[in-house]
Amino acid sequence: QVLLVFAEEDEQSNGFRWACDKAGFRCNIARTPQSALECFLDKHHDIIIIDHRHSRYFDAEALCRSIKTTKASENTVIICVVQRHTDREESSILPLISAGFTRRYIENSSRMACYNELIQLEFGQVQAQFKLRACNSLFTALEKSQEAIEITSEDHVIQYVNPAFETMMGYQIGELIEKELTEVPINEKKADFLDTINSCIKIGKEWQGMYYAKKKNGDSIQQNVKILPVIGQGGKIRHYVSISRLCNDNNKVEKTCECIQAESQTDTQTCRHKDMRKGSLDVRSTTSRGSDGSSQRRRSSMARVHSMTIEAPITKVINIINAAQESSPMPVAEALDRALEILRTTELYSPQLGTKDEDPHTSDLVGGLMTDGLRRLSGNEYILSAKQTHQVAGSLSSPISLNDIPPRITQAMENEEQWDFDIFELEAATHKRPLVYLGLKIFARFGICEFLNCSESTLRSWLQVIEANYHSSNSYHNSTHSADVLHATAYFLSKERVKQTLDPIDEVAALIAATVHDVDHPGRTNSFLCNAGSELAILYNDTAVLESHHAALAFQLTTRDGKCNIFKNMERNEYRTLRQVIIDMVLATEMTKHFEHVNKFVNSINKPLAALEENGNNGDGESIKTVLRSPENRILIKRMLIKCADISNPCRPREQCIEWAGRISEEYFAQTDEERRQGLPVVMPVFDRNTCSIPKSQLSFIDYFIIDMFDAWDAFADLPNLMEHLNNNIKYWKGLDGRNLRVLRPPP
């Protein structure tokens, strides 16, 4: 692209316009310095031609200086058009160069002269600038390389080292640039060794082998080095590039790579730095990583980190792997390197979508459920129920006794101990108040009042307060969902393996957590609240916003009024333990930690139990008990229990599964509608009520979140009926999707 800056149209500007057309270059014309600068910042031209012949219109040198101050001009060629003077001595071009011009063009309006000038620029300065632009990418690759890289001149003067080199050798780049390699490597057969190297590199061949070198602190290290001569001007070797990997030596555990340099064309020395001179020029000062003082401070801090006596488990794992690398062959050491790279990431349990990211249903569900939203700088705020007046015991009608439940409701709860229990029948019988009635029955079955030492009337009041603070206007996250999760939790607690594992206080905590786990849910996801800048998102720092609110509000509602405080008669330490378990279980329902919880459960519980069974230890009660009863594993089991209860809809009988699918879809549709009304980021675009395929969305959710989790939970708790329902429901949704139907049920 070419920018012509001429105050007026004349033969010279027309000549360059014609030349641009002939050469196929895109051309813009600016008449003033201001419009020229604006145009350049918008288009980023490769060539700028500025008219310097008439100072009365504008100051060409001032314009050039203005352009050169911009970041975009770093690789731009700027040409100055000057007047032709035949009657006086040639003037110096230094003022033009000082102003930032690349070269001058003496006035010549001949079209071919203009064309020739542009072609020379294209294959000269412009092409050179293209190469310089590419260098930025190459240096970025070098900077991020885990192999230590060193580049020297033909005279073995260091011109570049990357951060991996600095880290391993203990030098800062300022200590190395412009220094010669003077230290001879330690090797028993030095003469033969140097001859071998030089015989390769002086004829332009690469050399690879083992080196011993010294770090700045004097430690000797062994390196696997590759030295590559680089042919340059005149067909001669102009640079040497060394790429090195560190070998472990003398029981020192070190990672990454190191570099060495070899001399060629001389039979004298090979490699390594002496005590380098101070204060030499750093030719990369524009990208240096801090002053010597700050570097020294960071090294001191890092030394203290390495000497810490309190180690996290992941640190111990990394140290064990590092130690194992010492005696491992190269393929194993490289594999362990890759393992260490994975362990050092922050998202250890969140799988990458892989090929699934092509499915918008899966990517939208993952984005909507497992992230905290796209941050939005806006005055629009979504005010949740943080300022609402929550229902308390005194504002509700007197609860009925368990003995006074109407016959229709009693009949609806007859089979509540079975998995196929119909929560929607109870919802209809109770006029959308199933939680109080089901809660009274399940809590009585598990002896909750006896454990808490509270009266039945207190429990009734508490259940009414909690249910009143669920939003009946939500299609999915209402008290029916809470009652459904409570039912699933009670069902799981009745399974033999779970009963072997959990204590009575765990059962009480699980039932209470299930009851309150979504209290005051607004029918919107965490991502929505964060994007909208809601008061709750601000209060909880965009982290587990709703789950934190559910847990906190549950205890606020419970403890603010003695009439519904089911904890008021508990001993202090027991209450604190119970509270801790309830909070942990409610927070476990947050989906961003889904894969962490599932993978920990599989690795800490499923696999050890399977190993015991494979080794014929089915009857070894003590070994199984050790796995099940450890405090850490009991926490994992309780988290997995409530997670499975919370999203068990795909494992329910078909009609219930379909009803839940319709309700959650409607809630997501409503969120998408509101996001568009408010101008918020749409976190799940696929949930557009006009285009969404509910079968596809269900299959994506089941495939990504449900199958692995319930396989693991079934292997632990033995749930064949759930897995049969799940398989049947998958077939049902696939059948609809195969017919390209987007609705819940096939047409009659």
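The values are calculated or read from the model by the stated rules, or taken from the named source; none is laboratory data. All of these numbers come straight from a predicted model, not from anything done at the bench. Neighbour counts run over all protein chains shown; Cβ positions are idealised from the backbone, glycine included. Surface areas here come from the heavy atoms of the whole protein model, side chains and all, with no ligands, DNA or RNA. Shrake-Rupley method; radii C 1.70, N 1.55, O 1.52, S 1.80 Å.
Some observations on this one:
- Label-zone membership for the range 11-45, site SER110, 7 angstrom Cα→C-beta point, backbone N under 20 Å: 11-23
- Shown in residue order for the range 550-558 are the 3J(HN,Hα) couplings computed by the Karplus curve 6.51 cos²θ - 1.76 cosθ + 1.60 at θ = phi - 60°: 4, 5, 5, 5, 4, 6, 5, 5, 6 Hz (x for Gly and Pro).
- The range 524-567 and the range 446-521: distance between their alpha carbon centers, rounded to Å: 17
- For the range 417-738: relative contact order, % (alpha-carbon pairs under 8 angstrom, 6 or more apart): 20
- Taking all protein chains together and rolling a 1.4 Å probe, MET330 ends up with roughly 80 Å² accessible.
- The range 574-720, relative contact order [Cα under 8 Å, separation at least 6], %: 25
- For TYR115, the accessible area of its heavy atoms, probed at 1.4 Å with every protein chain present, is near 50 square angstrom.
- Taking 23 Å as the limit for the C-alpha separation, the pairs LYS68/LYS179; LYS179/LYS202; LYS179/LYS226 exceed it in the case of LYS68/LYS179.
- Applied to the range 458-470, the Karplus parametrisation 6.51 cos²θ - 1.76 cosθ + 1.60 on θ = phi - 60° returns per-residue 3J(HN,Hα) values of 5, 5, 4, 4, 4, 4, 5, 5, 4, 5, 5, 9, 8 Hz, with x for Gly and Pro.
- The range 45-159, relative contact order in percent, only Cα pairs under 8 angstrom and at least six apart counted: 23
- In the structure shown, the pairs LYS568/LYS600; LYS441/LYS563; LYS600/LYS625; LYS563/LYS643 are assessed against 25 Å; a Cα-Cα span above that value is assigned to LYS568/LYS600; LYS563/LYS643.
- Cross-link reach list, aspartates and glutamates versus LYS144, counting only Cα pairs under 15 Å and skipping chain neighbours closer than eight places: GLU166, GLU258, GLU341
- The range 97-102 - phi-based ³J(HN,Hα) in whole Hz, Karplus 6.51/-1.76/1.60, Gly and Pro as x: 5, 4, 6, x, 5, 7
- Protection proxy ranking of 143-155, 317-329 - average other beta-carbon atoms within 10 Å, highest first: 143-155, 317-329
- GluC sites (Glu not before Pro) within the range 47-140: DSSP coil, no more than 11 neighbouring Cβ in 10 Å: GLU89, GLU90
- Cα-Cα over 31 Å, subset of LYS316/LYS495; LYS71/LYS593; LYS432/LYS696: LYS316/LYS495; LYS71/LYS593
- Counting heavy atoms of the protein chains alone, MET723 has an accessible area of about 30 Å² for a 1.4 Å probe.
- Of the peptides 557-565, 160-168, the order by per-residue mean of other Cβ atoms within 10 Å, starting with the highest, comes out as 160-168, 557-565.
- Full-stretch length increase - GLN159, ASP703 - with 0.36 nm per residue and alpha-carbon distance subtracted: 190.5 nm
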